[in-house]
Amino acid sequence: MIENILAVIPCLNEEDHLEPLVSQLVAAGKTLPMRIVIADGGSRDRTPQIAQNLAAQNPNVLFLNNPKRIQGAAVNLAVAKYGDAAAFLIRIDAHADYPDDYCRVLIEEAGKTGAAAVVVAMKTAGKAWFQQAVAAAQNSPLGHGGAAHRIIGQDGMWVEHGHHALMRIDAFRAVGGYDESFSHNEDAELDMRLRKTGCKIWLTGKTALTYYPRQAPGALFRQYIQFGYGRARTILKHRALPKLRQLAPAAVLPAVLLALLTPVCWIAALPLAAWIAFCLGYGVALGIKAGEMRIAMSGPAAMSMHFGWSVGFWRGMLAAFWSQS
């Protein structure tokens, strides 16, 4: 027998995506015992009105104001208010597409594996040309560095981290939920606490989601600054060692600073030049492989992601250093 499910949608300014997403979940709820919570973080568009209308039309849809705005706080609030009646938490991101059987597959995988959390792979897709270039970068090792949850089509496996999909409510509560001081990387930080208590995380190969990245270079760069900053805070909080795929983009800002010495010593420009050449060449190769040269812009898109991540990472590291000095 399937136990009760709490599906939480943290959202902010999602008027174009919310209604079809909730309609899809309501349809899934006809065969699953599911309560759907829309937690709005202060949207300035029509998202709150749409959410309230959906709640008025569907008894299994609820609306929450999330005064702390961030996604982790939205999920924590929903679990605190409605989690007592549920055994499973499913986190739904508003800016993504899901298969119709997404929730059912997650529940089945949790039952078969006994995992405390079931995570999923994430494929990135784009509509306008820049978004398509970003998607091509994020779907390749150039953008994801070999992260398991960025590779579609793999068999299921036990992992340290993945894109958050399902968690058992008791495990989520046992570790205190999301750390609300994290605006980004809160999922990886929570996964570290789960694993420290002996909980296991299963990356399913039976379902995945489609994510739509930022549509403008500036927004993408700012997002990756936050990603890098969040990863630095996670590493420092848990005294963890960064992985090789994290050290590679972390080296970009030092390479940029080193290149400032080029007038004194031309060799100082080599690390930066090598990184630029690699990214641009990789992007061109992706464009040729796809038969679509606009995909060649995945190289500059990846450079924006790497540089932003590196800036954020070192900002987080230096902030911690100065706070302790």
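In region 72-208 the Cα-Cα distances spread across 10 Å bins starting at 0 as 12, 41, 36, 11, 1 percent of all pairs. Annotation: amide H-H contacts under 5 Å for N4 (H modelled 1.01 Å from N, sequence separation of 5 or more, or interchain): A87. Under 19 Å of direct C-alpha separation, and excluding same-chain neighbours fewer than eight residues apart, K123 reaches these lysines: K206, K289. With the largest listed first and rounded to whole Å, the semi-axes of the equivalent ellipsoid of the chain from the Cα gyration tensor are 35, 22, 19. Centroid-to-centroid, using Cα positions, region 253-273 and region 85-130 are 43 Å apart. Across all directions, the shadow cast by the convex hull of region 98-155 built on its C-alpha atoms averages 4.9 square nanometres. Taking label points 7 Å from Cα along the Cα-to-Cβ direction, K30 and A219 give a separation of 3.4 nm. Solvent-free Debye calculation, one equal scatterer per alpha-carbon of region 202-325: log10 I(q)/I(0) at 0.11, 0.12, 0.17, 0.23 Å⁻¹ equals -0.49, -0.58, -1.04, -1.29.
Please check which bits of region 235-254 a label hung off C265 would reach, taking the label as a point 7 Å along Cα-to-C-beta and the cut-off as backbone N under 16 Å. Backbone N within reach: 254. Converting phi to 3J(HN,Hα) with the Karplus coefficients 6.51, -1.76 and 1.60 and the offset θ = phi - 60°, region 132-143 yields 5, 5, 4, 4, 4, 5, 5, 7, 10, x, 4, x Hz in sequence order, with x at every glycine or proline. Both radii come from the Cα set of region 69-125: Rg as radius of gyration, Rh as Kirkwood radius; their ratio Rg/Rh reads 0.98. Couplings 3J(HN,Hα) for region 25-30, derived from phi with the Karplus relation 6.51 cos²θ - 1.76 cosθ + 1.60 (θ = phi - 60°), are 5, 4, 5, 5, x, 6 Hz, where x marks Gly and Pro. Remark: region 294-311, residue by residue, has Karplus-estimated 3J(HN,Hα) of 5, 5, 4, 6, 5, x, x, 4, 5, 4, 5, 5, 4, 5, x, 4, 5, 4 Hz, where x stands for each Gly or Pro and the curve is 6.51 cos²θ - 1.76 cosθ + 1.60 at θ = phi - 60°. Sorted largest first, the spans of the alpha carbon positions of region 1-120 along the three principal axes are 42, 26, 25 Å.
Taking the Cα centre of the chain as reference, the dipole from Cβ charges on Lys and Arg (+1) and Asp and Glu (-1) amounts to some 720 debye. Relative contact order for region 104-214: 44 percent, from Cα pairs under 8 Å spaced at least 6 residues apart, divided by residue count. Projecting the Cα atoms of I92, P67, L77 onto the charge dipole of region 37-133 (Cβ charges, centred on the Cα centre) puts P67 farthest toward the positive pole.
Amide H contacts of E14: T47, each under 5 Å away and 5 or more positions distant or on a separate chain (H built 1.01 Å from N in the peptide plane; Pro and chain starts excluded).
Measuring r between the beta carbons of R44 and R173 and using R0 = 45 Å, the FRET efficiency lands at 0.90.
Bear in mind these aren't lab numbers, they're just calculated from the coordinates by the rules spelled out. Please read all numbers here as calculations on a predicted model, not as lab measurements. Here Cβ is always computed from backbone atoms with ideal geometry, including for glycine, and neighbour counts include all displayed protein chains.
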